[in-house]
Amino acid sequence: MDLVSFSIRTKGLHNFTRRLWTVFSRFGFSERRIRKALYAIIDTLGKYSTAPTFFIPAVVLHRHPALIAKIARGGTELGIHGYVHNDYRFLDEEQQYKQTQQAISVFEKVQIPFHGFRNPYLGWTEESLRVFAALNFAYESNEAILHDVIDVNKLSPLLRSGYEKSLELFQAMPCTAYTLRPHFEGKLLRIPTSIPDDEILFDRLRITDAKEVGKIWSEIMQRVYDLGGLYTLNLHPERGLLCQQALNSLLSYAHTTLQSVWLTRLQDIAQWWKVRSQFSFSITAVADQVWRVEATCTPEATLLARHLVFENEGAKTQPVSSSTGNDVRIEDRQFTIRAPQAPCIALSSQTPQVVEDFLHEQGYPFVRCQPEDAERYALYLDLPEGLGKTREEQVQQRSGLVQQVEHLNAPLVRFACWPNGYQAALTISGDIDSVTIQDFFLRILEVR
């Protein structure tokens, strides 16, 4: 399928025609317009001591190496967005591997470091994950999480059609506490991204008022904050000037109203999740209903606890904002507590290793035990079938298990998702699909 046919199918003829008109208003024949738009995003983030993550096709990087090198030197993270702007769902594994290798070669040639990959159109496949792992990417960011902030019943048939095409194109998943968290598949980290993004709001839903866009993004940030997750906003640089006021509203809301939000880049999220994956708990009984807890972790780790009493009067704790309202943050890494049950999860001997791995990644302590000892623990899980076979089943069961654990009315200690006491995380990413009008129309020749 050629690019024009693909665009018409995924956007609709009306939106495709409208898109061609916007190209001439947002791009120029030189780099000037996109350079200005890039720095609108970069400078806005700089006020909050953070920087964006931009993904770029290798052929576009090859045509504009000086511009991209300059923003990289200023702290912007660059990631790979394919060799050309191909939807990987139309490529077999060998083709995906070859094109990704070609992209890596261009990045290495122009000496732009990279850590992650985002597919054009978020079009990942199972083969994509194997390719990224084989080529040693630290992370990919393609799982689209839908935040239900648009009332589709109020949309015209034309706008609703365009919106629904977007959800289908991006393979949108429901928003839960679990889906808002990164997770490893083997050694490859998967970092979720959020929709609606700027393209959906501006071009498909025609929501162009900066105050309204900022309000929508802030509403999403509040929901993510309440669930303790990650908000990855995808903001294409071509709309950097159009969205600058809305972006500033979002950042102000996260920094000033919510306060406890980690503003960072995707590579920093990936590095933290790798460090966090090494954390562990040791919980031992020292007397009747008295437990010794030792946490092996870095100083940045955030320890949370609920429904327990500290034996040492000098224990440093403070209440935290959470969806359950029962947690306290613990500064100590070794402490003794009194509780009627061990503050951890017990697994039956029939429960497979995949459940143990899942609990570890979520930051929950666990042990194995026999059914007759189940009452000694905060929660007993007997899941001989594991956590689902299909991806849909896995998302549903893992989301349900996180919900069950985090609303548990029993003693529990756990590692929070984010470092230094942060309740949630926010990262601004974007795809530099084109820099000039020439780049945009060259895609028609490059993409098959």
Exercise. Enter the accessible area per residue of the chain (Å², integer; probe 1.4 Å; all protein chains in place).
Key: 43 Å²
Quiz prompt | Computed P(r) (all Cα pairs; segment 149-264; 10 Å bins; percent) | solution = 12, 42, 36, 9, 0
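For every helix of n ≥ 4 consecutive DSSP H residues, a contribution of -39,500 (n - 2.57) applies; sum these over the chain, divide by its total residues, and give [θ] at 222 nm rounded to the nearest 500 deg cm²/dmol. The partial results should precede the final answer.
Numbers: 14 runs with 166 residues, N = 448.
That calculation yields -11500 deg cm²/dmol at 222 nm.
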Quiz item: Per-residue accessible area for ARG398 at 1.4 Å probe radius, Å² rounded to 10?
Solution: 40 Å²
Quiz prompt | segment 119-186 - Rg (one decimal) and Dmax (whole number), Cα, Å | solution = 14.9, 46
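Compute the semi-axes of the equivalent ellipsoid of segment 401-448, taking the square root of 5 times each eigenvalue of the Cα gyration tensor, and list them largest first in whole Å. Intermediate values should be presented prior to the final figure.
Values: eigenvalues 449, 43, 9 Å².
Each semi-axis is √(5λ); the values are 47, 15, 7 Å.
Please give the contour-minus-distance gain from ALA134 to SER49: 0.36 nm per residue of separation, less the Cα-Cα distance, rounded to one decimal in nm.
Numbers: separation 85, 0.36 × 85 = 30.60 nm, distance 3.39 nm.
Length difference between fully extended and current span is 27.2 nm.
Put TYR225, TYR48 in order of accessible area, largest first, 1.4 Å probe: what do you get?
Working: TYR225 25, TYR48 50 Å².
From most exposed to least exposed: TYR48, TYR225.
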Quiz item: GluC sites (Glu not before Pro), restricted to segment 223-330: which are DSSP loop and have at most 12 other Cβ atoms within 10 Å?
Solution: GLU313
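When each pair of different Cα atoms in segment 198-278 is counted once in the 1/r mean, what is the Kirkwood radius in angstroms, to one decimal? Walk me through the intermediate numbers first.
Details: mean 1/r = 0.0729 Å⁻¹.
Computed over segment 198-278, the radius equals 13.7 Å.
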Practice problem: Specify the residue with the greatest mean-square fluctuation among ALA177, ALA134, ALA69, computed from a Gaussian network of the chain linking alpha-carbon atoms under 10 Å apart. | Solution: ALA134
Exercise. Would you please give the FRET efficiency between VAL149 and PHE279, computed as 1/(1 + (r/R0)^6) with r the Cβ-Cβ distance and R0 = 51 Å, to the nearest 0.05?
Key: 0.95
Quiz item: When all protein chains stay in place, what accessible area (Å², nearest 10, 1.4 Å probe) is found for TYR139?
Solution: 0 Å²
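Need one number: convex hull volume per residue for segment 186-325, Cα atoms only, in Å³. Walk me through the intermediate numbers first.
Details: hull volume 21.6 nm³, N = 140.
Roughly 154 Å³ of hull volume per residue.
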Self-check item: Cα-only Debye scattering, segment 73-192: base-10 log of I(q)/I(0) at q = 0.12, 0.16 Å⁻¹
Solution: -0.52, -0.83
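Give the dimensionless ratio obtained when the Cα radius of gyration of segment 291-448 is divided by 2.2 N^0.38 Å.
Working: Rg = 21.2 Å, N = 158, 2.2 N^0.38 = 15.1 Å.
Segment 291-448 yields a ratio of 1.41.
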Quiz item: In terms of solvent-accessible area of protein heavy atoms at a 1.4 angstrom probe, what is the ranking of MET221, MET173, highest value first?
Solution: MET173, MET221
Quiz prompt | Whole-Hz ³J(HN,Hα) from phi, Karplus 6.51 cos²θ - 1.76 cosθ + 1.60, for segment 232-239, glycine and proline x | solution = 9, 8, 9, 10, 5, x, 4, 10
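Within the chain, count lysine pairs with alpha carbon atoms under 16 angstrom apart where the residues are 8 or more positions apart or belong to different chains. Can you show the working numbers first?
Details: LYS11/LYS165; LYS36/LYS70; LYS70/LYS109; LYS187/LYS274.
Qualifying lysine pairs in the chain: 4.
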Quiz item: In segment 121-156, which residues have a backbone nitrogen under 16 Å from the label point lying 7 Å from GLU446's Cα in the Cα-to-Cβ direction?
Solution: 121-122
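In square nanometres, what is one fourth of the surface area of the convex hull spanned by the alpha carbons of the chain?
Answer in nm², one decimal: 21.8.
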Quiz item: Carbon and sulfur: what percent of the chain's accessible surface (1.4 Å probe)?
Solution: 50 percent
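The values are calculated or read from the model by the stated rules, or taken from the named source; none is laboratory data. In this text, all values refer to a predicted model and were calculated from it rather than measured experimentally. Neighbour counts are summed over all protein chains in view; Cβ atoms, including those assigned to glycine, are modelled from backbone coordinates with ideal geometry. For accessibility, only protein heavy atoms count, side chains too; no ligands or nucleic acids. Shrake-Rupley method; radii C 1.70, N 1.55, O 1.52, S 1.80 Å.
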